[in-house]
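Participant: Got a structure here, written out as structure tokens. Questions coming.
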Amino acid sequence: MEAHSSEVFVIGLTVFFLACIIGYYVVWSVTPALHSPLMGVTNAISSVIIVGAILAAGPQGFDTSKIFGLIGVVLASVNIFGGFLVTYRMLSMFKKKTKKTKEKE
Amino acid sequence: MSSNMVAILYLISALLFIFALRGLSHPESSRMGNIFGIIGMIIAVFTTLMFKSVLSYYEIGAAILIGGAIGSFIALRIEMTALPQLVAAFHSLVGLAAVFVAAAAFYDPVAFSIGKVGSIKTASLVEMSIGTFIGAITFSGSVLAFGKLQGTISGKPIVFKFQHLINALIFLIIIFLIVLFVIKQSPTIFWTIVIVSILLGFLVVIPIGGADMPVVVSMLNSYSGWAACGIGFTLSNNLLIITGALVGASGAILSYIMSKGMNRSIINVVLGGFGGEQDTSASKDNSDKIVKQGNAEDAAYIMKNADSVIIVPGYGMAVAQAQHALREMGDILKKEGIDVRYAIHPVAGRMPGHMNVLLAEANVPYEEVLELDEINHDFPMTEVSFVIGANDVTNPAAKTDESSPIFGMPILDVEKSQSVLFVKRSMATGYSGVDNELFYRDNTTMLFGDAKKMCEDIVKSLSA
């Protein structure tokens, strides 16, 4: 990763606004029936913050920063596994009509 | 790995996250979307593990295993009716993780290339403290929301004098602390920001009542995204910025949809003090009005002789766990050749889309479950509306009575169907404390009792 400079910040800001706009359109296209799974998925992906936690936990030896990083990894992992799994459970329940529920004339 | 390679892998991961959300536009594509999300996360984690500075694989691996085991255990065990609590609990973890990552960056800025201890770049300090601030608010707000949803804390809004003034004051204190932190770079100030932000998170959620929880849960969803964004800026990591923005936007849109479903502005919900479970004194004023009461056999008879039924489920159905019995009832009616459909109000339940998940859990095909806009014009052509555990979302006062607190809220027009069956535990009012005039109409039959028991009894009568 490069050093922090105003240029890097402006690039970050550009990315941020473009991502907000993408998010806006993508989320409006989500069908209301799937709003709960949407929360499950967003919950899981927001835990991509684990990337920062891994960097902090990365160096060898033990110091304050590393302990914070490891705690961060644990917390984010709970969310990643939990978020994706609960979303999977929800989505696997959404079924089309089957033989059991006969098509009505 | 070169920094370009890292950037490209992170980009792929971000794109996969976007596809994960895009997949949710339809139930058929949604499962694939979830898989995209998982792949994206795996790429992000492994790319980071490849960093030269990352050496302690055992510790990190163990941390992931511990967290993963806890997360999987909870996700596989949780009852679908308890989803809102679960989501609130998960949000609190994202917030807390953000605080820890920010703290780690502050204590070891070299690992993140943002300067040295005592001389961290100003921009990084600002971003770090904003990330911490949002993360801490998300944490405590979600913990409180969890308590309210779980029922460990009363769902009643707690209001006190000068509440908003105090919150505004605390907010100003936090801004002051951030400025001080940027100048002094002191750990004491950092942790003071954390503690004061945690306090603010509690105070922000405290005045919001139980039934406004769909908005709160969505809002905290949004915050958790912005917190990730803040950390993304601190680390100059585009993946975190993009993902944070996606999540932030998602939560914000859901909050907007929920507030609109109640015809209230987000500000109005946030300021709170509305969604209290008022006592039932309102219904006493109507003691002179006549309510037509029926039992399961009556309901079975009415529905059996209809050719179309719309079922309107609400939070009461979730509380009674009546979705399976309800589906069984629907199945029998369908076998009789009756057109059975379900109508979902945007704010039914305690989180966005909650009712849809519960009905899906009970094996109701999603084609039969319709949103307010899709089904509302069909009520006049419908013979029977079967309202189970919902109240305010069917109250015609929202359209006619300007003095009503729910005036202007979009409602399901059950009153336009030929007859209405209301499954309710008692004559108590809904969360808004407003009496529902529908109860006293000639074509309404009240079915008093537990929602699950009532459905089971109707099933018995239907099969008899």
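Participant: What number of residues within region A:21-45 are open to solvent by less than 10 Å² (accessible area, probe 1.4 Å) and aliphatic (A, V, I, L, M)?
Facilitator: Selection size over region A:21-45: 8.
Participant: A follow-up question, please. Filter region B:172-190 down to the residues that are under 16 Å from B:VAL126 (Cβ atoms) and not aliphatic (A, V, I, L, M) and list them by number.
Facilitator: Our first condition is that a residue be under 16 Å from B:VAL126 (Cβ atoms); within region B:172-190, this holds for B:174-186, B:189-190.
Within region B:172-190, B:PHE176, B:PHE181, B:LYS184, B:GLN185, B:SER186, B:PHE190 meet the criteria.
Participant: Can I ask one more? Please work out which residue is most open to solvent (accessible area, probe 1.4 Å), limiting yourself to region B:40-59 and to residues that are in a helix (DSSP H, G or I) and without any contact (Cβ under 8 Å) to a residue 24 or more places away in the chain.
Facilitator: Applying the filter and picking the extreme gives B:TYR58.
Participant: Are any residues in region B:362-385 open to solvent by less than 10 Å² (accessible area, probe 1.4 Å) and either modelled with pLDDT of 95 or more or within 14 Å of another protein chain (Cβ to nearest Cβ) (or both), and if so, which ones? Steps first, please.
Facilitator: Initial filter on region B:362-385 (open to solvent by less than 10 Å² (accessible area, probe 1.4 Å)): B:362, B:364-365, B:375, B:379, B:382, B:384-385.
Residues satisfying the conditions are B:ALA362, B:VAL364, B:PRO365, B:ILE375.
Participant: I need a count of the residues in region B:208-258 that are closer than 18 Å to B:SER92 by Cβ and aromatic (Phe, Trp, Tyr).
Facilitator: Here the count works out to 2.
Participant: Test of understanding: among B:LEU76, B:LEU93, B:LEU86, which residue is open to solvent by less than 20 Å² (accessible area, probe 1.4 Å), closer than 22 Å to B:ILE38 by Cα and in a helix (DSSP H, G or I)?
Facilitator: Values: B:LEU76 fails: open to solvent by less than 20 Å² (accessible area, probe 1.4 Å); B:LEU93 fails: open to solvent by less than 20 Å² (accessible area, probe 1.4 Å).
The unique qualifying residue is B:LEU86.
Participant: So which helices (runs of 4 or more DSSP H) are wholly in region B:288-351 and hold at least 2 residues that are under 25 Å from the mean Cα position of the chain (by Cα) and at pLDDT below 90? Lay out the reasoning, then the answer.
Facilitator: Working: elements: B:296-304, B:315-320, B:323-335.
Answer list for region B:288-351: B:315-320.
Participant: With a cut-off of at least 2 residues that are under 23 Å from the mean Cα position of the chain (by Cα), name the strands (runs of 3 or more DSSP E) lying wholly within region B:356-432. Show your work before the answer.
Facilitator: On the way: elements: B:369-371, B:384-388, B:419-424.
Here the list reads B:369-371, B:384-388.
Participant: Please enumerate the residues belonging to region B:339-356 that are under 16 Å from B:VAL420 (Cβ atoms) and of a type outside the set (D, E, K, R). Step through it out loud before you land on a result.
Facilitator: Taking region B:339-356 and keeping what is under 16 Å from B:VAL420 (Cβ atoms), we get B:340-343, B:345.
Passing the criteria: B:VAL340, B:TYR342, B:ALA343, B:HIS345.
Participant: If you don't mind, there's one more thing I want to ask. Looking at region B:11-23, which of its residues are within 8 Å of another protein chain (Cβ to nearest Cβ) and either open to solvent by 10 Å² or more (accessible area, probe 1.4 Å) or modelled with pLDDT under 95 (or both)?
Facilitator: Across region B:11-23, the qualifying residues are B:ILE18, B:ARG22.
Participant: Does B:ALA63 satisfy the condition of being surrounded by 21 or more Cβ atoms within 10 Å (Cβ to Cβ), in a helix (DSSP H, G or I) and not charged (D, E, K, R)? Walk me through it before giving the result.
Facilitator: Working: surrounded by 21 or more Cβ atoms within 10 Å (Cβ to Cβ): yes; in a helix (DSSP H, G or I): yes; not charged (D, E, K, R): yes.
The answer is yes for B:ALA63.
Participant: Something else: Look through region A:46-62, keep the residues that are within 7 Å of chain B (Cβ to nearest Cβ) and open to solvent by 10 Å² or more (accessible area, probe 1.4 Å), and return whichever of them is farthest from B:LEU235 (Cα to Cα).
Facilitator: Only one residue fits best here, namely A:GLN60.
Participant: I need the full set of residues from region B:333-352 which are open to solvent by 10 Å² or more (accessible area, probe 1.4 Å) and more than 29 Å from B:ASP442 (Cβ to Cβ), in order please.
Facilitator: Of everything in region B:333-352, those that are open to solvent by 10 Å² or more (accessible area, probe 1.4 Å) and more than 29 Å from B:ASP442 (Cβ to Cβ) turn out to be B:LYS335, B:PRO346, B:ARG350.
Participant: Quick check on region A:3-12: of everything there that is part of a helix (DSSP H, G or I) and more than 20 Å from the chain's Cα centre (by Cα), which residue is surrounded by the fewest Cβ atoms within 10 Å (Cβ to Cβ)? Steps first, answer last, please.
Facilitator: Quick first cut of region A:3-12, residues part of a helix (DSSP H, G or I) only: A:6-12.
Still in the list and also more than 20 Å from the chain's Cα centre (by Cα): A:6-11.
On the way: A:SER6: 8, A:GLU7: 10, A:VAL8: 15, A:PHE9: 17, A:VAL10: 10, A:ILE11: 15.
Among those residues, the one meeting the criterion is A:SER6.
Participant: Going through B:ALA102, B:ALA62 one at a time, which residue ends up being in contact (Cβ under 8 Å) with a residue 60 or more places away in the chain, more than 7 Å from chain A (Cβ to nearest Cβ) and more than 30 Å from B:ALA360 (Cα to Cα)? Explain how you work it out, then say what you get.
Facilitator: Numbers: B:ALA62 fails: in contact (Cβ under 8 Å) with a residue 60 or more places away in the chain.
Matching residue, one of B:ALA102, B:ALA62: B:ALA102.
Participant: I need every pair where a residue in region A:4-23 that is without any contact (Cβ under 8 Å) to a residue 40 or more places away in the chain and within 7 Å of chain B (Cβ to nearest Cβ) has its Cβ under 8 Å from the Cβ of a residue that is of a type outside the set (D, E, K, R) and open to solvent by 40 Å² or more (accessible area, probe 1.4 Å), sequence separation at least 6 or different chains.
Facilitator: Taking only residues 6 or more apart or on different chains, the pairs are A:HIS4/B:SER113; A:HIS4/B:ALA123; A:PHE9/B:ALA123; A:GLY12/B:ASN238; A:VAL15/B:ASN238.
Participant: Which of the residues that make up region B:145-163 are over 16 Å from the mean Cα position of the chain (by Cα) and surrounded by 14 or more Cβ atoms within 10 Å (Cβ to Cβ)? Step through it out loud before you land on a result.
Facilitator: First, pick out the residues of region B:145-163 that are over 16 Å from the mean Cα position of the chain (by Cα): B:152-154, B:156-163.
Of everything in region B:145-163, those that are over 16 Å from the mean Cα position of the chain (by Cα) and surrounded by 14 or more Cβ atoms within 10 Å (Cβ to Cβ) turn out to be B:ILE153, B:LYS156, B:PRO157, B:ILE158, B:VAL159, B:GLN163.
Participant: Could I ask something else about it? Evaluate region B:147-169: report whether one residue or more is under 23 Å from B:VAL347 (Cα atoms), basic (Lys, Arg) and part of a helix (DSSP H, G or I).
Facilitator: yes
Participant: Take the conditions more than 14 Å from chain A (Cβ to nearest Cβ), crowded, with 19+ Cβ neighbours inside 10 Å, touching a Phe, Trp or Tyr at 6+ places or on another chain (Cβ under 9 Å) and not in a helix (DSSP H, G or I) and apply them to B:LEU438. Does it pass?
Facilitator: On the way: more than 14 Å from chain A (Cβ to nearest Cβ): yes; crowded, with 19+ Cβ neighbours inside 10 Å: yes; touching a Phe, Trp or Tyr at 6+ places or on another chain (Cβ under 9 Å): yes; not in a helix (DSSP H, G or I): no.
So B:LEU438 does not fit the description; no.
Participant: For B:PHE181, work out the one condition from (1) farther than 30 Å from A:PHE9 by Cα; (2) assigned to a helix (DSSP H, G or I); (3) hydrophobic (A, V, I, L, M, F, W, C) it doesn't fulfil.
Facilitator: (1)
Participant: Return yes or no: is B:SER142 outside any loop (DSSP other than H, G, I, E, B), polar (S, T, N, Q), open to solvent by less than 10 Å² (accessible area, probe 1.4 Å) and facing another protein chain (nearest Cβ under 9 Å)? Explain how you work it out, then say what you get.
Facilitator: Values: outside any loop (DSSP other than H, G, I, E, B): yes; polar (S, T, N, Q): yes; open to solvent by less than 10 Å² (accessible area, probe 1.4 Å): yes; facing another protein chain (nearest Cβ under 9 Å): no.
So B:SER142 fails the test.
The values are calculated or read from the model by the stated rules, or taken from the named source; none is laboratory data. What you see is a predicted model, and the numbers here were worked out from it, not measured in a lab. Here Cβ is always computed from backbone atoms with ideal geometry, including for glycine, and neighbour counts include all displayed protein chains. Accessible surface is based on the protein model in full, side chains and every heavy atom, while ligands, DNA and RNA are left aside. Shrake-Rupley method; radii C 1.70, N 1.55, O 1.52, S 1.80 Å.
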